[in-house]
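Asker: Got a structure for you, written out below as structure tokens; questions coming shortly.
Any read-out appearing in this document is the output of simple, stated calculations on the displayed coordinates, not a laboratory observation. Just so it is clear, the structure is predicted and the values come from calculations on it, not from any experiment. Here Cβ is always computed from backbone atoms with ideal geometry, including for glycine, and neighbour counts include all displayed protein chains.
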Amino acid sequence: MIKLYNTLTREKETFSPIYEGKVGIYACGPTVYWFAHIGNMRTYLFVDVLRRVLEFNGLEVKLIMNITDVGHLTDDASEGEDKMIVAMQREGKTAYKIAEFYTEAFMEDFKRLNIKPANVYPRATDHIPEQIEMIKHLEENGYVYQTSDGVYFDTSMLDSYGRLSGQSADEKKAGARVDMGEKKNVTDFALWKFSQTNSHREMEWNSPWGTGFPGWHLECSAMSMKYLDVPFDIHTGGIDHIPVHHENELAQTEGAEGVLQANVWIHADFLTVDGGKMSKSLGNLYTIEQLIEKGYDPLVYRYLVLGAHYRTKLNFTFEALDGAQNALKKLRATVRSWDQPGEVNDEYEQRFLKVINDDLNTPQALAVLWELVDSNVPPSEKAATVLRFDQVLGLGLGDFIGNPLKVSDEVEVLIQERATARAQKDWELSDQLRDQIHARGYLVEDTAEGQQLTER
């Protein structure tokens, strides 16, 4: 029995898929105008864990993750410049070249973090006809009006608008600081934005209402319906999506199709850095590539993320990342010494299953893992059971279990020379030899059992 917290109902619910044995998930993906940062990756790691937990329970998962390559304006609503156009001005490349480059970078980060790929990565620019068709349905159903700059969704026509965020239209209006322009209501949002008549956009299309481009929210409603039908099982994203983007997706689908878009809505909380907000201006907007440049294995960041529940804020510090690095190194070194996998230990497997099925409780899952590692369970059982756990944790432990660290003859000589130096209390030579070992890609730790060698 899997329990998941549903933002829509504000309750932890027993999950029941629409179709027995199968689950459809739509995950809001990247806007490919810049590199994804570690805050973005926290959300994608949560989606990966969700998918892995469902599969661990024997369910077949179809995961759709969109690629936004048009229409995401700089204020995340209906004003400002298209982020892809901003990137064009910054880099002097075509929007399509920019989208291709940053999509490839995004996919590379997924591989580094051992995130399983989605079944489909639909691009907004490849689904313009579907988006136009959805606007037509909304227009037929009376949810659309036109202004001089675009086609808008009239939120006052949908009584349920605001139910995801828990804010009524009046409450949203009270908290808004925007120029209404020609909008009827402050919460109304663009379905289609017109191109300026005195200029040509690289990304623009003809429509029944005029030449322009789709609003950001529209692509997710149209593409989730195409690939999963509606309603589907689970929609995911970060908590920043709740009040605007996901609220508007819900409205579009209900307005066009008369049904709920997804039965369960799950959101990951924010990542903070040193207790505060991430931003380029503060110089703390880190990418996975930057962590690698600082000497960290990307899976260390994955381990760090697993240590916090997805619905709690995670404070990123390099001290915390060092702690995760030490824990993962210790885990890898320990499992190397085990026998080859034998039978899975049922008691520990059931304990692990209980915590991950309780709203993806990865901190408790790691606690069960370490209890098993430190237990008196036979090494072959430990190996098999940890491999089973890693189907959810995704730490790549299969490369280390029962696989002793192999070093070159040169490093073996350095280790022996260092042991001799320590026996003779020649600490200066011992430190020099440690540095030489380190330069060759290994760390050496002095323990009660002697020198312990791990990969750097």
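Asker: Identify the GluC sites (Glu not before Pro) of segment 1-73 meeting these criteria: DSSP loop state and at most 11 other C-beta atoms within 10 Å of the C-beta.
Answerer: Passing sites in segment 1-73 are GLU20.
Asker: Here is a further query. Which lysines, if any, have their Cα less than 21 Å from the Cα of LYS93, not counting same-chain residues under 8 positions apart?
Answerer: Answer for LYS93, where 21 Å is the Cα cut-off: LYS83, listed by chain and number.
Asker: In the set (1) 1.14; (2) 1.32; (3) 1.06, which value of Cα Rg over 2.2 N^0.38 Å was calculated from the structure you see?
Answerer: Read-out taken from this structure: (1).
Asker: Nearest 5 is fine: what % of DSSP beta bridges in the chain come out antiparallel, could you say?
Answerer: Percentage antiparallel, nearest 5: 50.
Asker: What net charge is computed for the residues neighbouring PRO122, neighbours being all others with C-beta under 10 Å from the C-beta of PRO122, Lys and Arg scored +1, Asp and Glu -1?
Answerer: After counting each charged neighbour, the total is -1.
Asker: Determine the alpha carbon to alpha carbon distance for each of LYS3/LYS382; LYS294/LYS329; LYS111/LYS294; LYS116/LYS313; LYS12/LYS313 and list only those over 21 Å.
Answerer: LYS3/LYS382; LYS116/LYS313
Asker: Give the shape of segment 1-76 as rounded, prolate or oblate, defined through the alpha-carbon gyration tensor: a ≥ b ≥ c are the square roots of its eigenvalues, a/c under 1.5 means rounded, and otherwise the shape is prolate if a/b is larger than b/c and oblate if not.
Answerer: Prolate, because a/c is 1.5 or more and a/b exceeds b/c.
Asker: Using the alpha-carbon centroid of each, what span in Å lies between segment 46-68 and segment 364-393?
Answerer: Cα centroid to Cα centroid, the span is 23 Å.
Asker: Which of the aspartates and glutamates could a cross-linker bridge to LYS425, judged by Cα under 19 Å and excluding same-chain residues fewer than eight apart?
Answerer: Within the straight-line limit of under 19 Å, LYS425 reaches these aspartates and glutamates: GLU417, ASP435, GLU445, ASP446, GLU449.
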